[in-house]
Each structure stands twice: as structure tokens, then as C-alpha cells.
Amino acid sequence: MPTNTHRSKKATYLFLQDMKEDKRRKAAGDSDALESVLSHVGELGCYQKLMLVSMLPFGIFFAFVYFSQMFIMATPQRHWCRVPELEHLDMEIRRNLSIPKTGDGWQQCVMYNANWTRVLETIVTPNLTTETVPCRNGWEFELGDIPYHTVVSERGWVCEYSGYIPLAQTVFFVGALAGGIIFGWMADKFGRVPALVATNMMACVGGLGTIYTTGLMDFIFCRFLVGMAFDNCFMMMYILVLEYVGPRHRTWAANMPIALYFGGGCLLLPWLAYWIADWRILLWVTSLPMALSLSLPLFMPESARWLASRGKVNQAVKILRRFEKINGTKIPQDVMDDFIVSSSQTRQSGESIIDVFRSAPLRNMMIFMIMIYMACALIFDGLVRMSEGLGLDFFITFTLTSATEIPSVTLLAIVLDRWGRRKLTVGPIAFAGALTFIGAFVSKGLPQVILAIAARFTVNMAYNTAIQWSTELLPTGARASGSSLVHVSGYVATMLSPFIVYSERFWQPLPLLLLGALGLLVSGFGLLLPETKGRAIPQTIYEAERFVTTHSLCGKAEDAEVDGNEDNLNNEKQKALIT
């Protein structure tokens, strides 16, 4: 009898342990099964490589959407009041006659209030006691540093109207905020490919519409439309490709397209603008090619992870079979069957970003990631916008700072899987903050440009690490909307960027001081997030929550408590069954 009782206890214990393990397998089964499918179909096979190549136009479009506004709204540094009565004279003569001098040039926003008929008779410059008045008939621009007319020079958005420029740039990021929410939801609701097509078409329509604007309100409305596509026009493709690449190759797949395609677009744009020398034609050249995205559904597969997460298992299997054919590999039938069964059983819940915020560990993770991303975005954008005011040629300065994109992100791709996401976020953003802070105390020109290039190099690394890190932390059902939310936080931060740069008019070192202090302050938040180096992307909320609580610096105690509570509950069940 004691022997039978002992056997009964042992059988009950084993039964409960099997139930516990089965529950965990079901929660993570489709993720493990899909990773197994990808390992057989090829973690970076021919099809994935073709997808990486197809990211090229979208990386360039991303650069065009982001930075074209700088080249259509650049402000020529040398401008002064227009006096119609003197227009028949040479530029130097009419400027000397009508504009008061300053220490290093001429006043930009006032002119002498003189009788120009008498001045023309005598060709004598009004004396210093002559009254000055604001410009009455617009401005003249010397097209030297900016060798073509921009929206600013055509419409006179200088002096008392100079606030229109940061306003338009801020509205662009308001559009990015709206687009991030709308297209992120769309990508998780209807798929990555439809969202990618929609966001690129939005940029195309907004860019072409900008050409035909005549005033401020229609201009900022069109920039709002373009802003809706900012980031999403590339990131939807980025997420899609990343979901098909195995963990061993994910770092290269995530970073090299940004380095080569986005970085290449950044290097191409300034000289394209310089060569075209017409802001309207520039918008035609940079906006119209985005209409090619309409052909995307013909050759780009939808995410199998997303299809599985929405219960569309048959469509996912068809796509995986296509991968199998093009890669020249073979998925064992039992592996495919396991994926079909696990996906059918566990992925009908329709998890979303709301479920992420219902989980305390994931909610905290999102807050820390948002803070880091906001700082990276603000420092990055601030350094870009200050290219006009660092004391060297605008086109050369922009090119030099943009040239850091390729080597910095290439270096990141080499070391990221060795050093990890945490170190390569915390260290570079702190270093960028320190360099920017120091830049406030050196003279304009080459010293500031050197520090800006070094700061841009390091913030590129932190920025791109944060992009990949957030994608790897989020579960599949909320990955697009969660990534968009993180990026939306960056848009909110960059709304402040034009005004931070504009603050230079009140105190010259202020923009660099603000950006530097921000980098130093926020760098510590990265220490609170879990390392994702070499780990599978979570498929479910359960997996993501378990991962965050287990691997973050402040989550292990919470995880131990969860395990303890679960074990206590199982012990109580065992006692009840045994009794």
C-alpha cells in the first residue's frame, strides 16, 4: 500500500510538471516553431538577400523625406531690404546707399528711410543720423552659400517672418506623430506591405503638392502630409525584412541597409540639390519615384510572423514554401506541421500594443526605450539642422556629417553582436552628449565642425542600436505599432529641434548646451533594459514579458517572485490532488 501511494504521488507530480511545461510550450510554441522553419529555409538565403537589396529605394526615400525640407527651406545668410528705386544700380552700390552697416556686414532687417530720388541725384549715402525702418518691399538675397532660390528667399520668410521656418518644420513632425500612430496601427491590422505602400504614397502626394503651394498654410499642410511618411516609409520595410532573418544575421540585416542606403541617400541629396538648383524640380525628383511603391505587392512577401499572429497560417505556409523554392532548401514536413499546429492553436488572440501597456514589465521597458530614443532623435536632428550655422559651407558641412553614417553604422554592425545593445546605446549617447557640450565652448568654424562630426558619428551608433533594440524587444502582434510608438516619441522630441536651433539667436552656445546635457542625462536609462544579443524575437506577450523580467538588471527579483508564486500554486494543487 505505501508503495502504491508513493507511485501515485510521483505520477501526480509528473503530471503537474508536464501540464506546466505544456503551458509554456503553447505560449512560446509558434515562436520556436517559426525559428525552426527559418533555420531550415535559410536564415539569410537568396530570398532574404533579395529583400535586403529591395530596401535600397526605401532607404534613399527615407533620406529624401527627412532632409529635402532642409534644402527647399535653406536660408541664404546674406540678405537685405529691397529698394525698388535703386534696382537699376549695381548690387554693391545700392546696398551701400540703402542699408546700414554692422561690424561684419549689413543690417538684414532694416533700411534707411530716405528720399531715394534725392539720393540718386547726389549718389550720397544717408548719414548715420538718418532714420531706419523695417523692410517695406521685401528682401534681396545674395545667392552665394545657397546657390538657388528656396521657399524662404522666394517668399521672404526672414526677419519678422523667420518663425515660419521652424513652424513648418515642427508641423512636419506633427505629421510624423500622426503617421506613426496611423501607419503603425495599419501595419499590425492589415499587414506590413499595405502600410509600406500607403506611407510612401503619402510622401509622394505631399511632396508633389508642396510644389504648387503659394502661401504658408497650404505649404505646412503639404509638409504635414510628407511628415506622416517620415520614418514609416522605410521602417515598415525594415521590420518586414528583420522578421525573416535569423538571429545570427539580424544585426547585419538591420544595420547595413541603414548605413548604405540611408547613408547613401544623405550623401546624394545635397549635391542633387546643388546640381538641380531649383527647389521645385528637386521635389519632383525626390517625390515622384515613391510612386513605384505601388508595385510592391507584386514581389514583396507579407510577414509570415504577422500572418501567423493573425491566424492566417495557410498564407504564411505559401510564403514559406516560396522561400524554400528560391533558397533551394527543404523544410522537413514535421517542422512545418509543428509550425502549422502551434500557430493554429496559440495565435488567435490578436495581441496589440494595448496588451504591452497592460503588462508592468513591458510598460516600464517601453518608457525607458522611449526616453532613450527621444534623446537620440533630438541630438541627431539638432546636429543636422545646425549644419547651416557651424561656420563652413552648408553643403560641405552636411556632406561631412552625413558621411559619418556609413562608417559608424558599419562599425556598429561589426561590434553589436560582440558588445551587445546595452553598451552600444549607453556609451555612444553619453559620448555624443559630452562632445556636443564641449562644442558650445569652442569657436565656430572648423573646431565646431570637427566636434559635430564626432558627435554625429557616435549618436548614429546609439540611434541605430535603439532602432534595432526596440524591434527585438517587442512581440510580433505589437511589433509594428510598438516600434511606431517608439519612433513617434522621437517625432515628439524633434518637434523641439527647430526651436532649439532657433535659440541660438538669443544665446549662441545654448543649442549645443541643451543637446549635450540631454545626452549625458538620458544615457543611464539604457542600463535598465534587457540585452537581446543573440536571442530570438519574442512572438507573444508572454514571451516578451518573461524575457524582460528575466534579463533586465532590475527584473530578476520580480521574475523570481513570479516563479515562486507559480511554484507555490502548483504545490497547493499537488497537495489537493494527493489528498
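What the table below lists for this structure:
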{"read-out": "Assigned charges on the beta-carbon of Lys, Arg, Asp, Glu; region 160-307 dipole about Cα centre (debye)", "value": "380 debye"}
{"read-out": "Per residue Cα convex hull volume in Å³ - calculated over region 409-472", "value": "71 Å³"}
{"read-out": "Angle between the chain longest axis and helix 232-242 axis [Cα atoms, degrees, rounded to 10]", "value": "30 degrees"}
{"read-out": "Most to least accessible of Asp90, Asp381, Asp337 (protein chains only, probe 1.4 Å)", "value": "Asp90, Asp337, Asp381"}
{"read-out": "Nearest-ten-degree value, helix 446-473 long axis tilted from longest Cα axis of the chain", "value": "30 degrees"}
{"read-out": "Size of charge dipole - the chain - debye, nearest 20, with Cβ of Lys, Arg +1 and Asp, Glu -1, no other charges", "value": "1500 debye"}
{"read-out": "Of Lys49/Lys318; Lys49/Lys533; Lys318/Lys423; Lys49/Lys312; Lys189/Lys318; Lys101/Lys444, pairs whose Cα-Cα distance is over 28 Å", "value": "Lys318/Lys423"}
{"read-out": "Rounded tilt (10° steps) of 405-419 against the dominant C-alpha axis of the chain", "value": "20 degrees"}
{"read-out": "Förster-model FRET efficiency, 25 Å R0, Glu121 and Glu160, C-beta, rounded to 0.05", "value": "0.20"}
{"read-out": "Cβ-Cβ FRET estimate between Asn113 and Asn314, R0 fixed at 56 Å, reported to 0.05", "value": "0.10"}
{"read-out": "Förster-model FRET efficiency, 30 Å R0, Val341 and Lys189, C-beta, rounded to 0.05", "value": "0.75"}
{"read-out": "Sum of -39500 (n - 2.57) over DSSP H runs of 4+, divided by residues of the chain (222 nm, nearest 500)", "value": "-22000 deg cm²/dmol"}
{"read-out": "Whole-Å distance, taken between Cα centres, linking region 153-178 and region 401-419", "value": "33 Å"}
{"read-out": "Residue range of the chain that is longest and free of chymotrypsin sites (Phe, Trp or Tyr not before Pro) which are both DSSP loop and sparsely packed (at most 15 other C-beta within 10 Å)", "value": "1-211"}
{"read-out": "Farthest toward positive dipole pole in the chain [+1 Lys/Arg, -1 Asp/Glu at C-beta], among Val442, Met336, Ala74", "value": "Met336"}
{"read-out": "Spread of Cα-to-Cα distances over 10 Å intervals beginning at zero, given as percent, for region 267-371", "value": "12, 23, 20, 25, 17, 5, 0"}
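The values are calculated or read from the model by the stated rules, or taken from the named source; none is laboratory data. In this text, all values refer to a predicted model and were calculated from it rather than measured experimentally. Note that we place each Cβ from the backbone using ideal geometry, even for glycine, and neighbour counts take in every protein chain shown. To get the accessible areas, we keep the full protein, side chains included, count just its heavy atoms, and leave off ligands, DNA and RNA. Shrake-Rupley method; radii C 1.70, N 1.55, O 1.52, S 1.80 Å.
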